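*Asks:* Below: one structure in structure tokens.
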Amino acid sequence: MKLVKHIANLGYGSRKDVQWLFREGRITDADGEVLYADDNVDPATVRIDGAPLDPPPGMLLMLHKPVGYTCSTKDQGRLVYDLLPARYRLRSPALSTVGRLDRDTSGLLLLTDDGQLLHRIIAPKSKLPKVYLAQLAQDLRGDEVALFASGTLLLESEQTPLLPAELEVLGPREARLTLHEGRYHQVRRMFAAVGNHVVTLHRERIGGLGLGSLEAGQWRPLGEEARNTLFSVSE
Ligand code: URA
């Protein structure tokens, strides 16, 4: 791919904007030698204003989503993309959230521009466990562990029962729930089905990946090792 197109696809601007960056001498090689738009060089050696280019397509990153941010590119209000470098929203292929967390849910959110990888993570057959910590408005009744594990729980307006899910009771109004699928508002609807209400919800893990020391609002790119960790736990 032509360098101009590659750089434009990374969100640095339109192809015209990128042509200007070349004309202004702001695009160089690693030694500071000015590059021209028709030069044929490895993008890994290219610098813009002295800084390496953003990663090429094939990105996977982990964000610690804070409460109050929406998993959308164009909703009103705070968007998860506001927490990333502004250029990332302009990339092609687009950087998409891997599934969604509700605006009022915090925790581990993955984003990728790799369609196959996205599919592999969210496809029902991957059954990657997703672990949520929920604070509840009412005391647990006592039958939730068995009901959620039964594989027979039917959510309102659905025809297929939920897959068995593991509920770990941490306190009268606190529980950890592990799901192996991802239906719309699933955790909130499961607790609603047993007459309860989720007050706060936080996703702790997807597959083998946890947030580690990442604070709310922070993100980090994930390399090969983290990808393997992600898929190291299934079922
Ligand atoms: N289940 C929910 O109800 N909300 C989320 O954000 C994620 C899972």
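The values are calculated or read from the model by the stated rules, or taken from the named source; none is laboratory data. Only a predicted model underlies this, so the values are computations on that prediction, with no experimental measurement involved. FYI the Cβ positions are ideal-geometry reconstructions off the backbone, even for glycines, and counts take in every protein chain you see. These area figures cover heavy atoms from the full protein model, side chains too; ligands, DNA and RNA do not enter into them. Shrake-Rupley method; radii C 1.70, N 1.55, O 1.52, S 1.80 Å.
*Asks:* For a quick check of understanding: with a 1.4 angstrom probe and all protein chains in place, what accessible area in square angstrom does Lys2 have, to the nearest ten?
*Replies:* The value for Lys2 is about 150 Å².
*Asks:* Another question about this same structure. Within the chain, how many Lys pairs sit with Cα atoms under 23 Å apart, leaving out pairs fewer than 8 places apart on the same chain?
*Replies:* 5
*Asks:* On alpha-carbon atoms, Rg over Rh for the chain using Kirkwood Rh?
*Replies:* Dividing the radius of gyration by the Kirkwood radius yields 1.09.
*Asks:* Please pull out the direction-averaged projected area of the range 96-175, using the convex hull of its alpha-carbon atoms, in nm² to one decimal place.
*Replies:* With every direction weighted equally, the projected area is 6.6 nm².
*Asks:* Have a look at His202, Ser157, Ala8 and report the one farthest towards the positive end of the charge dipole of the chain, computed about the Cα centre with Cβ charges (Lys/Arg +1, Asp/Glu -1).
*Replies:* The residue sitting farthest along the positive end of the dipole is Ser157.
*Asks:* Sticking with this one: Pop out the ³J(HN,Hα) list for the range 146-158 in order, Karplus 6.51 cos²θ - 1.76 cosθ + 1.60 with θ = phi - 60°, rounded to Hz; leave Gly and Pro as x.
*Replies:* Using θ = phi - 60°, the values come out as 5, 5, 5, 7, 6, x, 10, 5, 10, 7, 3, 6, 10 Hz.
*Asks:* Something else now. Quick one: grab Rg to one decimal and Dmax as a whole number for the range 84-142, Cα atoms only, in Å.
*Replies:* Rg and Dmax of the range 84-142, Cα atoms, are 15.5, 49 Å.
*Asks:* To continue, here is another question. Could you tell me the center-to-center distance, by alpha carbons, between the range 18-92 and the range 153-225 in angstrom?
*Replies:* Answer, in whole Å: 32.
*Asks:* Now, a different point. Where nothing but the Cβ of Lys and Arg (+1) and of Asp and Glu (-1) is charged, how large is the charge dipole of the chain around its Cα centre, in debye to the nearest 20?
*Replies:* It comes to approximately 540 debye.
*Asks:* As a check on your grasp of the helix formula, calculate [θ] at 222 nm for the chain: sum -39500 (n - 2.57) over DSSP H runs of n ≥ 4, divide by the residue count, round to the nearest 500.
*Replies:* Calculated from helices alone, the mean residue ellipticity at 222 nm is -4500 deg cm²/dmol.
*Asks:* When all protein chains stay in place, what accessible area (Å², nearest 10, 1.4 Å probe) is found for His197?
*Replies:* Roughly 110 Å² of His197 is accessible to a 1.4 Å probe.
*Asks:* Follow-up question, since we're still on this one. Over its Cα atoms, what ratio of radius of gyration to 2.2 N^0.38 Å does the range 3-52 give? Can you show the working numbers first?
*Replies:* Values: Rg = 9.4 Å, N = 50, 2.2 N^0.38 = 9.7 Å.
Here the Cα radius of gyration is 0.97 times the empirical estimate.
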